[in-house]
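The values are calculated or read from the model by the stated rules, or taken from the named source; none is laboratory data. Values in this document were obtained by computation on a predicted structure and should not be read as measured data. Counting neighbours? That spans all protein chains shown, and the Cβs are built from the backbone with ideal geometry, glycine included. For accessibility, only protein heavy atoms count, side chains too; no ligands or nucleic acids. Shrake-Rupley method; radii C 1.70, N 1.55, O 1.52, S 1.80 Å.
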Amino acid sequence: MRRLVLLVALVLGAVAGIHAQEGFEDPALNARYRDLIHTIRCMQCQNQSIADSPSDVAGDLRRLVREMMAAGRSDDEIRTYLAERYGDFILYKPPLSSKTWLLWSAPALLLLAGGIVFARTVRSRMQQPLDEELEAC
Amino acid sequence: MWRYIVPIALFVILGGFLGRGLLLNPGQIESPLIGKPAPAFALPDLENASARLSNEDFAGKYSLLNVWATWCAECRYEHPFLLELADSGISIYGINYKDDPEAARDWLATLGDPYETTGVDEIGDVAIDWGVYGAPETFLIGPDQTVLAKHISQLNREVWETKFAPLIESDRGDQH
(Lines give C-alpha, C1' and ligand atoms only; values in the text may rest on other atoms or scores of the structure.)
Protein backbone atom coordinates (compact mmCIF):
# COMPACT_ATOMS: atom_id res chain seq x y z
CA MET A 1 0.00 0.00 0.00
CA ARG A 2 2.75 2.45 0.97
CA ARG A 3 4.63 1.59 -2.21
CA LEU A 4 1.49 2.29 -4.22
CA VAL A 5 1.06 5.68 -2.56
CA LEU A 6 4.72 6.48 -3.19
CA LEU A 7 4.41 5.45 -6.84
CA VAL A 8 1.31 7.57 -7.36
CA ALA A 9 3.01 10.54 -5.67
CA LEU A 10 6.08 10.18 -7.89
CA VAL A 11 4.02 10.02 -11.07
CA LEU A 12 1.88 12.99 -10.10
CA GLY A 13 4.98 14.94 -9.17
CA ALA A 14 6.59 14.13 -12.50
CA VAL A 15 3.53 15.17 -14.45
CA ALA A 16 3.16 18.40 -12.52
CA GLY A 17 6.84 19.10 -13.14
CA ILE A 18 6.67 19.08 -16.93
CA HIS A 19 7.15 22.64 -18.21
CA ALA A 20 6.95 23.80 -14.57
CA GLN A 21 9.40 26.62 -15.29
CA GLU A 22 6.83 28.29 -17.58
CA GLY A 23 4.09 30.27 -15.88
CA PHE A 24 3.30 33.35 -13.89
CA GLU A 25 4.82 34.90 -10.76
CA ASP A 26 1.39 35.43 -9.27
CA PRO A 27 0.29 32.11 -7.70
CA ALA A 28 -3.41 32.64 -8.44
CA LEU A 29 -2.73 33.43 -12.09
CA ASN A 30 -0.32 30.53 -12.30
CA ALA A 31 -2.90 28.13 -10.86
CA ARG A 32 -5.47 29.34 -13.38
CA TYR A 33 -2.90 28.96 -16.18
CA ARG A 34 -2.07 25.38 -15.18
CA ASP A 35 -5.74 24.45 -14.95
CA LEU A 36 -6.48 25.99 -18.34
CA ILE A 37 -3.64 24.33 -20.23
CA HIS A 38 -4.79 20.95 -18.95
CA THR A 39 -8.09 21.45 -20.76
CA ILE A 40 -6.62 22.17 -24.19
CA ARG A 41 -5.67 19.29 -26.45
CA CYS A 42 -2.32 19.08 -28.17
CA MET A 43 -3.23 18.74 -31.84
CA GLN A 44 0.07 17.04 -32.65
CA CYS A 45 -0.02 14.44 -29.84
CA GLN A 46 -3.76 14.19 -29.68
CA ASN A 47 -4.02 12.15 -26.51
CA GLN A 48 -2.19 14.75 -24.44
CA SER A 49 -3.07 18.21 -23.25
CA ILE A 50 -0.74 21.08 -24.14
CA ALA A 51 0.37 20.94 -20.51
CA ASP A 52 1.77 17.44 -20.92
CA SER A 53 2.87 17.36 -24.53
CA PRO A 54 6.55 17.88 -25.37
CA SER A 55 5.80 18.93 -28.96
CA ASP A 56 6.72 22.33 -30.40
CA VAL A 57 3.15 23.22 -31.23
CA ALA A 58 2.11 22.62 -27.62
CA GLY A 59 4.83 25.04 -26.52
CA ASP A 60 3.56 27.63 -29.01
CA LEU A 61 0.00 27.26 -27.76
CA ARG A 62 1.10 27.50 -24.11
CA ARG A 63 2.93 30.71 -24.96
CA LEU A 64 -0.21 31.99 -26.71
CA VAL A 65 -2.31 31.18 -23.63
CA ARG A 66 0.17 33.03 -21.38
CA GLU A 67 0.13 36.07 -23.71
CA MET A 68 -3.66 36.15 -23.81
CA MET A 69 -3.92 35.78 -20.03
CA ALA A 70 -1.39 38.58 -19.56
CA ALA A 71 -3.54 40.71 -21.89
CA GLY A 72 -6.50 40.13 -19.58
CA ARG A 73 -8.51 37.61 -21.62
CA SER A 74 -10.82 35.23 -19.78
CA ASP A 75 -10.60 31.44 -19.99
CA ASP A 76 -13.69 31.36 -22.20
CA GLU A 77 -12.25 33.95 -24.57
CA ILE A 78 -9.03 31.96 -24.88
CA ARG A 79 -10.89 28.70 -25.51
CA THR A 80 -13.14 30.35 -28.11
CA TYR A 81 -10.10 31.89 -29.84
CA LEU A 82 -8.46 28.46 -30.14
CA ALA A 83 -11.67 26.66 -31.21
CA GLU A 84 -12.20 29.26 -33.97
CA ARG A 85 -8.85 28.28 -35.45
CA TYR A 86 -8.50 24.58 -34.66
CA GLY A 87 -12.09 23.44 -34.23
CA ASP A 88 -13.95 22.13 -31.18
CA PHE A 89 -11.63 19.13 -31.14
CA ILE A 90 -8.94 21.20 -29.43
CA LEU A 91 -11.14 21.59 -26.34
CA TYR A 92 -11.43 18.74 -23.89
CA LYS A 93 -14.93 19.89 -23.08
CA PRO A 94 -16.70 20.55 -26.38
CA PRO A 95 -19.42 23.19 -26.13
CA LEU A 96 -23.02 21.99 -25.89
CA SER A 97 -24.64 22.46 -29.30
CA SER A 98 -26.94 20.76 -31.79
CA LYS A 99 -23.99 18.63 -32.84
CA THR A 100 -22.85 17.58 -29.39
CA TRP A 101 -26.07 17.15 -27.37
CA LEU A 102 -26.00 13.38 -27.92
CA LEU A 103 -22.38 13.17 -26.78
CA TRP A 104 -23.14 15.11 -23.60
CA SER A 105 -26.40 13.33 -22.74
CA ALA A 106 -25.31 9.80 -23.69
CA PRO A 107 -24.01 8.83 -20.22
CA ALA A 108 -27.22 9.97 -18.55
CA LEU A 109 -29.37 8.31 -21.21
CA LEU A 110 -27.46 5.04 -20.94
CA LEU A 111 -27.76 5.18 -17.15
CA LEU A 112 -31.50 5.69 -17.50
CA ALA A 113 -31.85 2.81 -19.97
CA GLY A 114 -29.74 0.56 -17.75
CA GLY A 115 -31.82 1.57 -14.75
CA ILE A 116 -35.04 0.64 -16.52
CA VAL A 117 -33.67 -2.76 -17.54
CA PHE A 118 -32.45 -3.31 -13.98
CA ALA A 119 -35.82 -2.38 -12.46
CA ARG A 120 -37.71 -4.66 -14.81
CA THR A 121 -35.32 -7.58 -14.23
CA VAL A 122 -35.54 -7.19 -10.46
CA ARG A 123 -39.31 -7.00 -10.65
CA SER A 124 -39.58 -10.18 -12.75
CA ARG A 125 -37.05 -11.98 -10.51
CA MET A 126 -39.05 -11.01 -7.46
CA GLN A 127 -41.95 -13.05 -8.86
CA GLN A 128 -39.95 -16.29 -9.10
CA PRO A 129 -38.71 -17.15 -5.55
CA LEU A 130 -42.33 -17.14 -4.30
CA ASP A 131 -43.24 -19.81 -6.84
CA GLU A 132 -40.04 -21.83 -6.24
CA GLU A 133 -40.47 -21.70 -2.45
CA LEU A 134 -43.98 -23.03 -2.79
CA GLU A 135 -42.74 -25.87 -5.01
CA ALA A 136 -39.90 -26.75 -2.61
CA CYS A 137 -42.22 -27.21 0.32
CA MET B 1 -37.92 -13.27 -27.02
CA TRP B 2 -37.39 -9.62 -26.07
CA ARG B 3 -34.58 -10.44 -23.66
CA TYR B 4 -32.55 -11.56 -26.69
CA ILE B 5 -33.60 -8.86 -29.10
CA VAL B 6 -32.73 -5.88 -26.89
CA PRO B 7 -29.10 -6.77 -26.14
CA ILE B 8 -28.51 -7.81 -29.75
CA ALA B 9 -30.02 -4.57 -31.03
CA LEU B 10 -27.88 -2.56 -28.59
CA PHE B 11 -24.81 -4.50 -29.73
CA VAL B 12 -25.57 -3.79 -33.40
CA ILE B 13 -26.14 -0.08 -32.76
CA LEU B 14 -23.00 0.29 -30.62
CA GLY B 15 -21.03 -1.79 -33.13
CA GLY B 16 -22.22 0.50 -35.89
CA PHE B 17 -20.94 3.59 -34.10
CA LEU B 18 -17.64 1.99 -33.14
CA GLY B 19 -17.13 0.61 -36.63
CA ARG B 20 -17.75 4.02 -38.13
CA GLY B 21 -15.29 5.44 -35.63
CA LEU B 22 -12.61 2.98 -36.75
CA LEU B 23 -12.95 4.22 -40.30
CA LEU B 24 -12.62 7.88 -39.36
CA ASN B 25 -9.15 9.36 -39.63
CA PRO B 26 -8.22 11.48 -36.60
CA GLY B 27 -5.47 13.06 -38.68
CA GLN B 28 -7.96 14.81 -40.94
CA ILE B 29 -9.68 17.15 -38.54
CA GLU B 30 -12.23 19.39 -40.19
CA SER B 31 -10.98 22.92 -40.19
CA PRO B 32 -13.35 25.59 -38.83
CA LEU B 33 -11.89 27.96 -41.43
CA ILE B 34 -13.63 26.24 -44.32
CA GLY B 35 -16.27 28.46 -45.86
CA LYS B 36 -14.86 31.53 -44.11
CA PRO B 37 -12.62 34.32 -45.45
CA ALA B 38 -8.92 33.55 -45.30
CA PRO B 39 -7.33 34.95 -42.09
CA ALA B 40 -5.69 38.31 -42.68
CA PHE B 41 -1.92 38.14 -42.44
CA ALA B 42 1.34 39.55 -43.83
CA LEU B 43 4.67 37.75 -43.79
CA PRO B 44 8.07 38.77 -45.12
CA ASP B 45 8.96 37.19 -48.46
CA LEU B 46 11.62 34.48 -48.13
CA GLU B 47 13.55 35.70 -51.17
CA ASN B 48 13.07 39.42 -50.71
CA ALA B 49 12.81 40.81 -47.19
CA SER B 50 11.18 44.06 -48.32
CA ALA B 51 8.30 42.25 -50.03
CA ARG B 52 5.32 40.62 -48.35
CA LEU B 53 3.05 37.62 -48.74
CA SER B 54 -0.46 38.45 -47.60
CA ASN B 55 -4.01 37.24 -48.02
CA GLU B 56 -4.46 39.92 -50.70
CA ASP B 57 -2.34 37.74 -52.99
CA PHE B 58 -5.17 35.18 -53.13
CA ALA B 59 -7.65 37.55 -54.78
CA GLY B 60 -8.99 36.75 -58.25
CA LYS B 61 -7.87 33.12 -58.67
CA TYR B 62 -7.83 29.69 -57.06
CA SER B 63 -4.67 29.32 -54.98
CA LEU B 64 -2.99 26.80 -52.78
CA LEU B 65 -1.32 27.83 -49.55
CA ASN B 66 1.23 25.19 -48.60
CA VAL B 67 2.80 25.11 -45.15
CA TRP B 68 6.29 23.58 -45.36
CA ALA B 69 9.66 23.37 -43.66
CA THR B 70 13.09 21.86 -44.34
CA TRP B 71 12.80 19.71 -41.19
CA CYS B 72 9.65 18.09 -42.56
CA ALA B 73 10.20 14.79 -44.39
CA GLU B 74 6.72 14.61 -45.90
CA CYS B 75 7.24 18.06 -47.39
CA ARG B 76 10.22 16.64 -49.27
CA TYR B 77 8.01 13.82 -50.65
CA GLU B 78 5.22 16.11 -51.81
CA HIS B 79 7.61 18.65 -53.36
CA PRO B 80 7.83 17.05 -56.85
CA PHE B 81 4.05 17.02 -57.09
CA LEU B 82 3.89 20.71 -56.12
CA LEU B 83 6.35 21.45 -58.94
CA GLU B 84 4.05 19.57 -61.34
CA LEU B 85 1.02 21.55 -60.18
CA ALA B 86 2.89 24.83 -60.47
CA ASP B 87 4.00 23.91 -64.00
CA SER B 88 0.40 23.18 -64.97
CA GLY B 89 -0.55 26.72 -63.99
CA ILE B 90 -1.84 26.40 -60.41
CA SER B 91 -0.84 29.30 -58.14
CA ILE B 92 0.91 27.98 -55.07
CA TYR B 93 1.98 30.14 -52.15
CA GLY B 94 4.14 28.86 -49.34
CA ILE B 95 4.50 29.50 -45.65
CA ASN B 96 7.91 28.47 -44.38
CA TYR B 97 6.93 27.31 -40.91
CA LYS B 98 9.23 27.49 -37.84
CA ASP B 99 12.29 27.05 -40.00
CA ASP B 100 15.66 28.59 -40.74
CA PRO B 101 15.21 31.01 -43.70
CA GLU B 102 18.76 30.37 -44.95
CA ALA B 103 18.15 26.60 -45.04
CA ALA B 104 14.78 27.23 -46.69
CA ARG B 105 16.35 29.28 -49.48
CA ASP B 106 18.98 26.57 -50.08
CA TRP B 107 16.23 23.92 -50.17
CA LEU B 108 14.28 25.76 -52.86
CA ALA B 109 17.42 26.52 -54.84
CA THR B 110 18.36 22.82 -54.86
CA LEU B 111 14.94 21.20 -55.30
CA GLY B 112 13.11 23.81 -57.32
CA ASP B 113 10.64 26.49 -56.29
CA PRO B 114 6.94 25.82 -56.98
CA TYR B 115 5.85 28.88 -55.00
CA GLU B 116 4.93 32.26 -56.40
CA THR B 117 5.89 33.65 -53.03
CA THR B 118 6.92 32.06 -49.76
CA GLY B 119 6.24 33.87 -46.51
CA VAL B 120 8.54 33.35 -43.54
CA ASP B 121 6.76 32.40 -40.31
CA GLU B 122 9.67 31.60 -37.99
CA ILE B 123 7.70 31.87 -34.76
CA GLY B 124 4.54 30.21 -36.07
CA ASP B 125 2.02 32.88 -35.00
CA VAL B 126 0.46 33.25 -38.45
CA ALA B 127 0.25 29.48 -38.66
CA ILE B 128 -1.79 29.44 -35.43
CA ASP B 129 -4.29 31.82 -37.07
CA TRP B 130 -4.66 29.26 -39.84
CA GLY B 131 -5.11 26.40 -37.34
CA VAL B 132 -1.86 24.83 -38.44
CA TYR B 133 -0.14 22.42 -36.08
CA GLY B 134 2.43 20.74 -38.29
CA ALA B 135 3.77 20.41 -41.78
CA PRO B 136 2.81 19.79 -44.50
CA GLU B 137 -0.64 21.30 -44.52
CA THR B 138 -2.25 22.74 -47.64
CA PHE B 139 -5.22 25.07 -48.03
CA LEU B 140 -7.31 25.66 -51.15
CA ILE B 141 -8.47 29.27 -51.39
CA GLY B 142 -11.03 30.67 -53.79
CA PRO B 143 -10.93 33.89 -55.88
CA ASP B 144 -12.95 35.73 -53.24
CA GLN B 145 -10.39 34.69 -50.59
CA THR B 146 -12.72 32.07 -49.06
CA VAL B 147 -11.00 29.00 -47.65
CA LEU B 148 -12.45 26.07 -49.61
CA ALA B 149 -10.52 23.11 -48.21
CA LYS B 150 -7.64 22.00 -46.05
CA HIS B 151 -5.50 18.91 -46.38
CA ILE B 152 -3.26 17.72 -43.58
CA SER B 153 -0.19 15.69 -44.62
CA GLN B 154 1.29 15.12 -48.05
CA LEU B 155 -0.50 16.56 -51.05
CA ASN B 156 -0.33 14.09 -53.93
CA ARG B 157 -2.14 13.45 -57.21
CA GLU B 158 -4.84 11.34 -55.55
CA VAL B 159 -5.67 14.00 -52.96
CA TRP B 160 -5.62 16.68 -55.67
CA GLU B 161 -7.97 14.75 -57.96
CA THR B 162 -10.39 13.52 -55.31
CA LYS B 163 -10.46 16.46 -52.93
CA PHE B 164 -9.25 19.76 -54.39
CA ALA B 165 -9.92 19.65 -58.13
CA PRO B 166 -13.64 18.75 -57.73
CA LEU B 167 -14.06 21.64 -55.27
CA ILE B 168 -12.60 24.05 -57.80
CA GLU B 169 -14.97 22.70 -60.45
CA SER B 170 -18.06 22.99 -58.29
CA ASP B 171 -17.03 26.39 -56.97
CA ARG B 172 -16.57 27.60 -60.55
CA GLY B 173 -20.02 26.24 -61.32
CA ASP B 174 -21.53 28.10 -58.36
CA GLN B 175 -20.00 31.37 -59.48
CA HIS B 176 -22.13 31.44 -62.64
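Tabulated results
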{"read-out": "Residue list for the stretch A:67-103, restricted to those being open to solvent by less than 50 Å² (accessible area, probe 1.4 Å), at negative phi and not polar (S, T, N, Q)", "value": "A:68, A:69, A:75, A:78, A:82, A:83, A:85, A:86, A:90, A:91, A:94"}
{"read-out": "Residue match in the stretch B:31-42 (condition: in a loop (DSSP other than H, G, I, E, B), charged (D, E, K, R) and within 14 Å of chain A (Cβ to nearest Cβ))", "value": "yes"}
{"read-out": "Which numbered condition residue A:99 fails, given (1) without any contact (Cβ under 8 Å) to a residue 12 or more places away in the chain; (2) in a helix (DSSP H, G or I)", "value": "(2)"}
{"read-out": "Count of the stretch B:49-71 residues which are closer than 20 Å to residue B:111 by Cβ and open to solvent by 10 Å² or more (accessible area, probe 1.4 Å)", "value": "2"}
{"read-out": "Residues (touching a residue at least 24 places away in the same chain (Cβ under 8 Å) and either open to solvent by less than 60 Å² (accessible area, probe 1.4 Å) or of a type outside the set (Val, Ile, Thr) (or both)) located in the stretch B:31-41", "value": "B:31, B:32, B:33, B:35, B:36, B:37, B:38, B:39, B:41"}
{"read-out": "Positions within the stretch A:49-84 being outside any loop (DSSP other than H, G, I, E, B), more than 13 Å from every other protein chain (Cβ to nearest Cβ) and hydroxyl-bearing (Ser, Thr, Tyr), in sequence order", "value": "A:49"}
{"read-out": "Looking only at the stretch B:1-29, and only at residues there that are surrounded by 11 or more Cβ atoms within 10 Å (Cβ to Cβ) and in contact (Cβ under 8 Å) with a residue 60 or more places away in the chain, the one that is nearest to the other protein chains (Cβ to nearest Cβ)", "value": "B:29"}
{"read-out": "Selection within the stretch A:24-48 - within 14 Å of chain B (Cβ to nearest Cβ) and either in contact with a His (Cβ under 8 Å, 6 or more places away or on another chain) or of a type in the set (Ser, Thr, Tyr) (or both)", "value": "none"}
{"read-out": "Any hit, the stretch B:93-100, residues being open to solvent by 20 Å² or more (accessible area, probe 1.4 Å) and under 21 Å from residue A:86 (Cα atoms)", "value": "yes"}
{"read-out": "Only listed residue being open to solvent by less than 70 Å² (accessible area, probe 1.4 Å), on the phi < 0 side of the Ramachandran plot and modelled with pLDDT of 85 or more, chosen from A:4, A:36", "value": "A:36"}
{"read-out": "Scope the stretch B:127-144; condition surrounded by fewer than 21 Cβ atoms within 10 Å (Cβ to Cβ) and either at the interface with another protein chain (Cβ under 7 Å from one of its Cβ atoms) or outside any loop (DSSP other than H, G, I, E, B) (or both); matching residues", "value": "B:129, B:134"}
